[in-house]
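J.: Got a structure for you, written out below as structure tokens; questions coming shortly.
The values are calculated or read from the model by the stated rules, or taken from the named source; none is laboratory data. All values derive from a computational prediction rather than experimental measurement. Here the Cβ is made from the backbone with ideal geometry for all residues, glycine too, and neighbour counts use every protein chain on show.
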Amino acid sequence: MSTEARFSRTPDGAVWTSDGPAYRFWTRYLSVFDEVRVVARVRDTADPGAKAVRTDGSGVHVWPVPYYVGAREYLATRAAIGRVLRSAADRDDAVILRVPSPIGTRLAAHRDRQRLPYALEVVGDPYDVFAPGVLRHPLRPLLRRRFADRLRRECRSAVAASYVTESHLQARYPAGPDVPTAAISSIDLPVDAFVERPRVITHRGDAEPTLISIGTMDQLYKGIDVLIEALARLNRAGAPARLIHLGTGRYRPDLERLAERLGVADRVRFEGWCPPGTAVRRQLDAADLFVMPSRTEGLPRALIEAMARALPAVGTRVGGIPELLEPADLVGPDDPEALAAAVAGMLGDPRRMTAASARNLTRARRYSRDSLAPRREAFYRAVRQATTSNDLARSR
């Protein structure tokens with residue numbers, strides 16, 4: 001397995017994560033495979049932090065790649081990364097690459113040169129990641145085309161492919177003919193992630209509604225700047241609301257300054273990192289409306305978690321979001337006026353909110369652990385079979 005997650009390793013050899021896939025995530029592959037080797041960036045540290053949890057464990061081992069952050073550090077360590085990746089997988093291993101990913105792309109290229117098979121889990125869209133407004137880089141248009149073309153080639157070469165969306169990523173990055181494919185979200189919601197019944201929404205009187213959003217602020221692709229602008233429009237229009245955002249990142253100071261400039265600093269609360277599970281669910285349960293103003297998405301876990309709490313939601317018409325929400329609950333990206341109107345329209349109609357609550361809860365149940373586990377296992381078996389068949393063909 002390859003992943004773009006970044007891990008920490010303590011002197012005792014244990015590998016930890018604060019915000020990436022933890023041990024339980026990787027054990028899902030053990031339903032079919034004897035061992036999981038996770039190829040990922042690892043840095044050595046004396047203390048992984050109070051929030052860290054183990055990534056490795058019985059049956060799950062991490063193959064450390066030189067640690068880098070950003071293009072400059074990647075280029076500086078590129079040769080060392082190549083040496084590590086060339087020894088990361090044996091000829092007979094079943095290789096699954098989570099893409100788009102620089103590490104996954106390097107491994108795919110190596111396997112192609114050796115005429116060895118690999119499978120893919122397509123979890124994002126580079127075409128949208130490099131869309132205008134998402135990334136600030138002078139070479140953005142070139143990078144957008146290059147990385148999207150590269151992912152298309154990888155999908156055509158893979159012996160099996162799964163996608164986190166039902167149709168969006170499949171249409172843009174199709175697998176080769178007669179290749180086993182599956183639509184399986186990476187999300188794995190346990191029973192306690194779901195509320196028992198939908199909300200019944202009534203008029204709130206004079207109480208100001210609370211909007212909630214979740215996502216990284218390391219880049220602007222989550223569109224939190226657009227949501228802050230929409231919030232300012234709501235308040236100027238006499239429909240005041242408050243916003244709580246869960247997440248961290250280097251753009252937080254910029255977003256705080258934006259809220260100050262627009263006169264809504266007292267209505268926006270940046271909560272920072274929130275532990276997954278109970279703490280996040282408590283925040284979702286206390287909110288009135290979930291808003292996902294993203295400029296790019298695969299299939300957003302945060303939105304599905306909100307839907308599992310029967311929370312009405314408004315989102316943008318990007319990635320896999322239209323597979324989750326009704327057309328009436330969607331707006332185009334980078335449009336604060338339309339987003340403000342959609343939020344106001346939802347909050348002002350209790351019957352619509354009640355219907356959205358019931359609909360969202362029903363749709364979220366498709367992403368329960370019990371629902372996804374059999375489909376996931378079937379895909380892993382297809383990967384194993386495709387790898388074995390390729391090995392037999394190569395030996396003849």
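J.: Do we find that E166 is closer than 30 Å to L284 by Cα, touching a residue at least 60 places away in the same chain (Cβ under 8 Å) and part of a strand (DSSP E or B) in this structure?
T.: Values: closer than 30 Å to L284 by Cα: yes; touching a residue at least 60 places away in the same chain (Cβ under 8 Å): yes; part of a strand (DSSP E or B): no.
For E166, the condition - closer than 30 Å to L284 by Cα, touching a residue at least 60 places away in the same chain (Cβ under 8 Å) and part of a strand (DSSP E or B) - is not met.
J.: Also, I was wondering about something else. I'd like to know if region 219-226 contains one or more residues that are in contact with a Phe, Trp or Tyr (Cβ under 6 Å, 6 or more places away or on another chain) and either among the acidic types (D, E) or modelled with pLDDT of 95 or more (or both).
T.: No: zero hits.
J.: Kindly provide the set of residues from region 129-158 that are in contact with a Phe, Trp or Tyr (Cβ under 7 Å, 6 or more places away or on another chain) and in a loop (DSSP other than H, G, I, E, B), ordered by number. Give the derivation first.
T.: Going through region 129-158, the residues in contact with a Phe, Trp or Tyr (Cβ under 7 Å, 6 or more places away or on another chain) turn out to be 129-130, 134, 140, 143-144, 147-148, 151-152, 155, 158.
F130, V134, A158, listed by residue number.
J.: Further, regarding this structure: Sort through A148, A160, A175 and tell me the only one that's under 23 Å from A119 (Cβ atoms) and either at pLDDT below 95 or surrounded by fewer than 18 Cβ atoms within 10 Å (Cβ to Cβ) (or both). So that I can check it myself, show each step before the final result.
T.: On the way: A160 fails: either at pLDDT below 95 or surrounded by fewer than 18 Cβ atoms within 10 Å (Cβ to Cβ) (or both); A175 fails: either at pLDDT below 95 or surrounded by fewer than 18 Cβ atoms within 10 Å (Cβ to Cβ) (or both).
Being under 23 Å from A119 (Cβ atoms) and either at pLDDT below 95 or surrounded by fewer than 18 Cβ atoms within 10 Å (Cβ to Cβ) (or both) holds for just one of A148, A160, A175, which is A148.
J.: On to the next question. If I go through region 195-223 residue by residue, how many of them are of a type in the set (A, V, I, L, M), out of contact with any Pro (no Cβ under 7 Å at 6 or more places or on another chain), under 20 Å from L347 (Cα atoms) and surrounded by 14 or more Cβ atoms within 10 Å (Cβ to Cβ)?
T.: Initially, region 195-223 is screened for residues of a type in the set (A, V, I, L, M), giving 195, 200-201, 207, 211-212, 214, 217, 220.
Narrowing the set further to residues that are out of contact with any Pro (no Cβ under 7 Å at 6 or more places or on another chain) leaves 195, 200, 207, 211-212, 214, 217, 220.
Filter once more, keeping what is under 20 Å from L347 (Cα atoms): 200, 207, 211-212, 214.
Among the residues that remain, those that are also surrounded by 14 or more Cβ atoms within 10 Å (Cβ to Cβ) are: 211-212, 214.
Count: 3.
J.: Could you identify the single residue in L139, L143 that is touching a His at 6+ places or on another chain (Cβ under 9 Å) and not charged (D, E, K, R)? Walk me through it before giving the result.
T.: Numbers: L139 fails: touching a His at 6+ places or on another chain (Cβ under 9 Å).
Among L139, L143, only L143 is touching a His at 6+ places or on another chain (Cβ under 9 Å) and not charged (D, E, K, R).
J.: Restricting attention to region 310-332, report how many residues are among the small types (G, A, S), part of a loop (DSSP other than H, G, I, E, B) and either on the phi < 0 side of the Ramachandran plot or modelled with pLDDT of 95 or more (or both).
T.: So in region 310-332, the residues among the small types (G, A, S) come out as 310, 313, 315, 319-320, 328, 332.
If we keep only those that are part of a loop (DSSP other than H, G, I, E, B) as well, we get 310, 319-320, 332.
Filter once more, so that each one left must be either on the phi < 0 side of the Ramachandran plot or modelled with pLDDT of 95 or more (or both): 310, 320, 332.
Count: 3.
J.: Now a separate question. Out of V200, V179, which single residue is more than 27 Å from D288 (Cβ to Cβ), of a type in the set (A, V, I, L, M, F, W, C) and part of a loop (DSSP other than H, G, I, E, B)?
T.: Numbers: V200 fails: more than 27 Å from D288 (Cβ to Cβ).
So the residue among V200, V179 that is more than 27 Å from D288 (Cβ to Cβ), of a type in the set (A, V, I, L, M, F, W, C) and part of a loop (DSSP other than H, G, I, E, B) is V179.
J.: Scanning region 25-69 for residues that are without any contact (Cβ under 8 Å) to a residue 40 or more places away in the chain and charged (D, E, K, R), which turns out farthest from F379 (Cα to Cα)?
T.: Result: D47.
J.: In region 122-144, what count of residues is obtained for those that are at pLDDT below 80 and among the small types (G, A, S)?
T.: Residues meeting the conditions: 2.
J.: Of all the residues that make up region 101-128, how many are surrounded by 15 or more Cβ atoms within 10 Å (Cβ to Cβ) and not in a loop (DSSP other than H, G, I, E, B)? Outline the logic, then answer.
T.: Filtering region 101-128 down to residues surrounded by 15 or more Cβ atoms within 10 Å (Cβ to Cβ) leaves 101-111, 116-128.
Subsequent filtering for residues that are not in a loop (DSSP other than H, G, I, E, B) retains 102-111, 119-122, 126-128.
The number of residues fulfilling the criteria is 17.
J.: Among the residues of region 343-356, is there at least one that is part of a helix (DSSP H, G or I), closer than 24 Å to G124 by Cβ and in contact (Cβ under 8 Å) with a residue 60 or more places away in the chain?
T.: So the first thing to find is which residues in region 343-356 are part of a helix (DSSP H, G or I), and the list is 343-347, 350-356.
Now restrict to residues that are closer than 24 Å to G124 by Cβ: none.
The answer is no; no qualifying residue exists.
J.: Have a look at V65, V60, V42 and point out the one that is within 21 Å of S162 (Cβ to Cβ), under 23 Å from the mean Cα position of the chain (by Cα) and buried (at least 20 other Cβ atoms within 10 Å of the Cβ). First the steps, then the outcome.
T.: Details: V65 fails: within 21 Å of S162 (Cβ to Cβ); V42 fails: within 21 Å of S162 (Cβ to Cβ).
It is V60.
J.: Pull up region 227-242, narrow it to residues that are of a type in the set (A, V, I, L, M, F, W, C) and closer than 21 Å to I214 by Cα, then point me to the one that is nearest to the chain's Cα centre (by Cα).
T.: Filtering region 227-242 for residues of a type in the set (A, V, I, L, M, F, W, C) gives 227-228, 230-232, 234, 237, 239, 241.
Adding the requirement that they be closer than 21 Å to I214 by Cα leaves 227-228, 230-232, 234, 241.
Numbers: L227: 19, I228: 22, A230: 24, L231: 25, A232: 28, L234: 29, A241: 27 Å.
Here the residue is L227.
J.: When you go through D178, D225 one by one, which is the residue that is on the phi > 0 side of the Ramachandran plot and among the charged types (D, E, K, R)?
T.: Details: D225 fails: on the phi > 0 side of the Ramachandran plot.
Result: D178 is the single residue among D178, D225 that is on the phi > 0 side of the Ramachandran plot and among the charged types (D, E, K, R).
J.: Look through region 9-33, keep the residues that are part of a loop (DSSP other than H, G, I, E, B), at pLDDT 95 or above and of a type outside the set (F, W, Y), and return whichever of them is nearest to A108 (Cα to Cα). If you could, list the steps in order and put the result at the bottom.
T.: Our first condition is that a residue be part of a loop (DSSP other than H, G, I, E, B); within region 9-33, this holds for 10-14, 18-22, 32-33.
After this cut, where a residue has to be at pLDDT 95 or above as well, the list is 10-14, 32-33.
Subsequent filtering for residues that are of a type outside the set (F, W, Y) retains 10-14, 32.
Working: T10: 30, P11: 31, D12: 32, G13: 28, A14: 28, V32: 22 Å.
The extreme case among them is V32.
J.: Another question, then. Tell me the residue from D335, D349 that is surrounded by fewer than 19 Cβ atoms within 10 Å (Cβ to Cβ) and farther than 22 Å from G215 by Cα, please. Step through it out loud before you land on a result.
T.: Numbers: D335 fails: farther than 22 Å from G215 by Cα.
Within the list D335, D349, the selection yields D349.
J.: Hey, another quick one. Let me confirm something: among A344, A382, A310, which residue is over 23 Å from the mean Cα position of the chain (by Cα), more than 30 Å from V95 (Cβ to Cβ) and either among the small types (G, A, S) or buried (at least 22 other Cβ atoms within 10 Å of the Cβ) (or both)?
T.: On the way: A382 fails: more than 30 Å from V95 (Cβ to Cβ); A310 fails: over 23 Å from the mean Cα position of the chain (by Cα).
One residue alone meets the criteria, A344.
J.: Just one of (1) in contact (Cβ under 8 Å) with a residue 40 or more places away in the chain; (2) small (G, A, S); (3) surrounded by 21 or more Cβ atoms within 10 Å (Cβ to Cβ) trips up G315, so point out which.
T.: (1)
J.: Could you run through region 101-116 and say how many residues are under 26 Å from the mean Cα position of the chain (by Cα) and in contact (Cβ under 8 Å) with a residue 60 or more places away in the chain?
T.: Residues flagged as under 26 Å from the mean Cα position of the chain (by Cα) and in contact (Cβ under 8 Å) with a residue 60 or more places away in the chain within region 101-116 amount to 5.
J.: Against the conditions (1) within 29 Å of Y173 (Cα to Cα); (2) modelled with pLDDT of 95 or more; (3) not charged (D, E, K, R), where does G70 fall short? Just the number, please.
T.: G70 satisfies every listed condition except (2).
J.: Of all residues in region 181-226, which are under 29 Å from E154 (Cβ atoms) and among the hydroxyl-bearing types (S, T, Y)?
T.: T181, S185, S186, T216, Y221
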